[in-house]
Amino acid sequence: MKVKTKKVKTKKVKMKKVKVKKVKMKQVRTKKVKTKFGFLLACVCFLTVAWIQSAPEDKGVALGLPDLLTLQERLVTAEELGGQVSRELNNILKQLKNLSQAEGAGIRIRPSPVTLQETKRDILDQNLLKPNVHLYLPHLREHPDSLVPNVVLGRRRSGVSIVLGIPTVKRDKQSYLVNTLESLLYELAPSQSEDLLIIVFVAETDYSYVTSVAETISTSFPKEVESGLLEVVSPPEHYYPNFTTLKETFGDSKDRVKWRTKQNLDFSFLMLYAQAKGTYYVQLEDDIVAKADYYDAMKSYTAQRESQPWLFLEFSQLGFIGKMFRTRDLPLIVGFFLMFHRDKPIDWLLDHILWVKVCHPEKDAKHCTEQKNQLKQRYKPSLFQHVGLHSSLNGKTQLLKDKDFGKQKLFTAHTNPTAVLSSSLKHYQQHSLDRAYQGKDFFWAFTPVKGDYVLFNFTQPVYMTSYLFRSGNIETSTDKLYNTTVEVQPSHVSLARKSSQTSGYTSTSDGFVVVGTFDKGLATGRINASLQPVSALRLVVKVDSDFWAILREIFIQV
């Protein structure tokens, strides 16, 4: 019995030792696992810290643990860098495709011969991709090419003093664009035309409509397009976000909120495109008229204030019309617009930029206004006037007028020889032919048709040295005389027949000789001695017109 008891005890001791050994082995394994886990955890922490330290901090915000947004942005950045070469090549191909489409649509604008490297560099300069754009327009991450403008018409002009930006959209009622361009181009001197760039931004993604606008401009202003003075640009297809998610604010309807939000994006795109084109950028609209001397006035005013720390100059007191910026300031301004493009109209945002820059939160409104006035300076009288009655917002009538614009010079007075005047044209209100001939007004007639005339029958035959007739004026630039001849009647019918045979003039059946014709609203020339003296002069319309007619200058020099 003792032996058995001893064996049982020995067995229990052995079993106890085995258990202890198993427990120790388990503890060793656990310790190894913990050691590995700790090592891995330390590695993760080290990599995380290194990742955070390598990431750029936002201004005024200290980075802690990387949030999902930061990680996502870094991944997007890496992806963009990886595909940069591919996008650049795609941009070049897209520009070439746009040029090809424009040619196919009948726009006969030939780009200047350039190398592939020059084309690539120019397109990259126009790429509007900025570091913060994707934060405010996140949908563009899926369409990176949607920041590259479609240059429909253009000669890649740059290095000018002043760039004029004109956004335009499809209007349901009346388009003022051609009249606006006529006003801006009105009697520009060659030196002024060479130092100016006018960019028409067609803020539509319908390429057929964009092409139709380009065709209208190239047809109406072929010399200006060919010289590079005029450009037509449009946004890519996916530039605009989904406007249905916009929140209604300030009591505005959904349509109005969409309209003002899109306007903010339109102006921002145009400004970024223009920033590399010149020294100063002026924001205009497509329904304005300009003073005839606007270019010289702006050049002189900016020269006087070049050393002053202004943010913008105002050449009109209405909305965003006539606001001039230094192009070097445009990225900052556009960044602010994009940040709040959903929230407020663009003229309000412009005022907020001034408030952020100079207004002291502990001082009163008077002090704030004084400080803001140092950053915006006003030119008087205004150089641009709003004339459109129908807003680009459907159903809205816009009656705003700039009271500081003053009166335009609508006619030029001259002293003319005594004559009896007659015309088949009916004048509008007080704008009669007699008043125009006397230098008191301009002659404004209803739509001319073929055969209409204006006759100056001199009381005594006169020896004319030259004549000048200028039609249209800066406010109604399309109301000109088209397809109209200038004819004189020699005092003796025999002189007319003789002059026609010897000088190559064309004679009419009633004894007049055709000596000139209107070209773009202007007729000027000298009278051959063989036709002297002259007993009468007349203007004859040869084709029905689509517009009314204005004679703003009549000068018969004797």
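From the square roots a ≥ b ≥ c of the eigenvalues of the alpha-carbon gyration tensor of segment 147-189, which class results: rounded (a/c under 1.5), prolate (a/b over b/c), or oblate? Cα axes put segment 147-189 in the oblate bin. Working ranking of peptides 410-419, 284-293 by packing, defined as the average number of other Cβ atoms within 10 Å per residue, highest first, is 284-293, 410-419. Sequence-ordered 3J(HN,Hα) estimates for segment 317-330 from the Karplus curve with 6.51, -1.76 and 1.60 and θ = phi - 60° stand at 8, 8, x, 9, 6, x, 8, 10, 10, 6, 5, 5, 8, 5 Hz, glycine and proline given as x.
When DSSP beta bridges are restricted to pairs lying wholly in segment 239-380, around 70% turn out antiparallel.
A probe of 1.4 angstrom, applied to the heavy atoms of all protein chains, finds W355 with accessible area near 120 square angstrom. FRET efficiency for the pair D546 and D404, taken as 1/(1 + (r/R0)^6) with r the Cβ-Cβ distance and R0 = 30 Å, rounds to 0.35. Along the Cα-to-C-beta direction of T249, a point sits 7 Å from the Cα; which residues of segment 340-384 have their amide N less than 19 Å from that point? Those under the cut-off are 340-357. When peptides 214-222, 247-255 are sorted by average Cβ neighbour count within 10 Å, with the highest value leading, the order is 214-222, 247-255. Counting only Cα atoms, the size of segment 156-215 along its three principal axes is 37, 23, 17 Å, in decreasing order. Taking all protein chains into account, the per residue accessible area for segment 148-192 stands at 38 Å² (1.4 Å probe). State which entries of K323/K344; K254/K366; K372/K403; K403/K520; K291/K480; K380/K480 exceed 27 angstrom in Cα-Cα distance in the structure shown. Table pairs above 27 Å Cα-Cα are K254/K366; K403/K520; K380/K480.
The values are calculated or read from the model by the stated rules, or taken from the named source; none is laboratory data. Only a predicted model underlies this, so the values are computations on that prediction, with no experimental measurement involved. Counting neighbours? That spans all protein chains shown, and the Cβs are built from the backbone with ideal geometry, glycine included. Accessible surface is based on the protein model in full, side chains and every heavy atom, while ligands, DNA and RNA are left aside. Shrake-Rupley method; radii C 1.70, N 1.55, O 1.52, S 1.80 Å.
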